[in-house]
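Asker: Below: one structure in structure tokens.
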Ligand code: SF4
Ligand code: ZN
């Protein structure tokens, strides 16, 4: 069977929508979806927070998702008067991060975008590897790493004076996070999930242009577009609890195609009915935005290491 739109050879069959698409029609559909998401998210942020967008940061790991998001952002900006700056976090993970940062650098060079790199060493005086030896986590290394990554990206975004921060989270990532927050009953975190519609003091709002595009499609797009991205997994990824949610979602999606999209749509409805996310307040110890009036999770876990 050929492409449902033009009858050329197909490259993808989307079970969730029943579409069969050739390369050209897939590109068009993919780009339209991501551009529409980004436009909507930027416009909502401008409307709700009454801000001007002059500079946009993009979190770059060198993997397929952030690389594709970078290209989408570049074409969104087009000839608008908006500057783009790439922001990368170097956790200091051996045999992994330096290779992926090389890819981020090379794509940024191609697109003439400045890339800034901030390391855990600069944040807490040690790499993730050193931290894991000194302070072994109870569960997966992703828990401390997630706290440090969030802090690093926000600090970089504030330092670079960007108005918002684009991240490459795809549909699978987004649906997994929705499900994880539901499973933990963490409604506060659910309400604070990106894409952010409001600016909170000290916290740079995050936008997710790929949140309705499945991981497999992001991969296909990056390969068919010949992008230079790092195709490896972090050596610590295996122990993450997220993997359980990934498996559950894959099973659900197989039995009932469209489950991931339903989770995104349901989440949107919940958030439309919530007046505003809970306010972030400055941490009494470090001043960074935090979800409670107690010292933030970074100060509780790594305050002694802060540089
Ligand atoms: Fe950090 Fe876990 Fe991601 Fe590795 S997989 S970079 S440890 S959050
Ligand atoms: Zn703090």
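Asker: Please state which of the following conditions residue 230 fails to meet, knowing it meets all the rest: (1) closer than 30 Å to residue 110 by Cα; (2) away from ligand 1 (no atom under 16 Å from the Cβ); (3) in contact (Cβ under 8 Å) with a residue 60 or more places away in the chain.
Answerer: So the condition that residue 230 fails would be (2).
Asker: Is one or more of the residues making up the range 178-190 under 22 Å from residue 88 (Cβ atoms) and modelled with pLDDT of 95 or more?
Answerer: no
Asker: Looking at (1) within 17 Å of the chain's Cα centre (by Cα); (2) within 30 Å of residue 279 (Cβ to Cβ), can you tell me which one residue 47 breaks?
Answerer: (1)
Asker: Would you point out the residue of the range 85-119, among those that are at positive phi and within 13 Å of ligand 1 (Cβ to nearest atom), that is modelled with the highest pLDDT?
Answerer: Step by step, filter the range 85-119, then rank; the result is 92.
Asker: Quick one: which residue in 218, 204, 223 is modelled with pLDDT of 95 or more, in contact with a strand residue (DSSP E or B) (Cβ under 6 Å, 6 or more places away or on another chain) and away from ligand 2 (no atom under 16 Å from the Cβ)?
Answerer: Every option except 204 fails the conditions.
Asker: Looking at residue 43, is it without any contact (Cβ under 8 Å) to a residue 40 or more places away in the chain and either within 18 Å of residue 204 (Cβ to Cβ) or crowded, with 20+ Cβ neighbours inside 10 Å (or both)?
Answerer: Yes: the conditions hold for residue 43.
Asker: What single numbered condition from (1) surrounded by 14 or more Cβ atoms within 10 Å (Cβ to Cβ); (2) within 27 Å of residue 232 (Cβ to Cβ) fails to hold for residue 109?
Answerer: Condition not satisfied by residue 109: (1).
Asker: For the range 267-307, enumerate the residues that are touching a helix residue (DSSP H, G or I) at 6+ places or on another chain (Cβ under 9 Å), within 16 Å of ligand 2 (Cβ to nearest atom) and over 18 Å from residue 125 (Cα atoms).
Answerer: 283, 284, 285, 288, 289, 290, 291, 292, 294, 295, 296
Asker: So the check is Cβ under 9 Å with 6+ separation or different chains; which pairs have a first residue in the range 276-301 that's under 18 Å from residue 153 (Cα atoms) and a second one that's within 16 Å of ligand 1 (Cβ to nearest atom) and assigned to a loop (DSSP other than H, G, I, E, B)?
Answerer: 301/135
Asker: Follow-up question, since we're still on this one. When you go through (1) surrounded by 14 or more Cβ atoms within 10 Å (Cβ to Cβ); (2) at pLDDT 95 or above one by one for residue 36, which number turns out not to apply?
Answerer: Here residue 36 clears every test but (1).
Asker: Quick check on the range 24-33. Is at least one of its residues part of a loop (DSSP other than H, G, I, E, B), under 23 Å from residue 260 (Cα atoms) and out of contact with any helix residue (DSSP H, G or I) (no Cβ under 6 Å at 6 or more places or on another chain)?
Answerer: Looking through the range 24-33, none of the residues is part of a loop (DSSP other than H, G, I, E, B), under 23 Å from residue 260 (Cα atoms) and out of contact with any helix residue (DSSP H, G or I) (no Cβ under 6 Å at 6 or more places or on another chain).
Asker: State the number of residues belonging to the range 130-159 that are away from ligand 2 (no atom under 16 Å from the Cβ) and surrounded by fewer than 18 Cβ atoms within 10 Å (Cβ to Cβ).
Answerer: From the range 130-159, those away from ligand 2 (no atom under 16 Å from the Cβ) are 130-143, 145, 156-157, 159; that's our starting set.
When the remaining residues are screened for being surrounded by fewer than 18 Cβ atoms within 10 Å (Cβ to Cβ), the result is 130, 132-140, 143, 159.
Number satisfying all stated conditions: 12.
Asker: Right, something else. With the checklist (1) more than 19 Å from the chain's Cα centre (by Cα); (2) within 16 Å of ligand 1 (Cβ to nearest atom); (3) in contact (Cβ under 8 Å) with a residue 24 or more places away in the chain in hand, flag the one item residue 122 doesn't pass.
Answerer: Here residue 122 meets the rest and fails (2).
The values are calculated or read from the model by the stated rules, or taken from the named source; none is laboratory data. Worth saying up front: this structure is predicted, and the values here are computed from it rather than measured. Note that each Cβ is placed from the backbone with ideal geometry, even for glycine, and that neighbours are counted across all protein chains shown.
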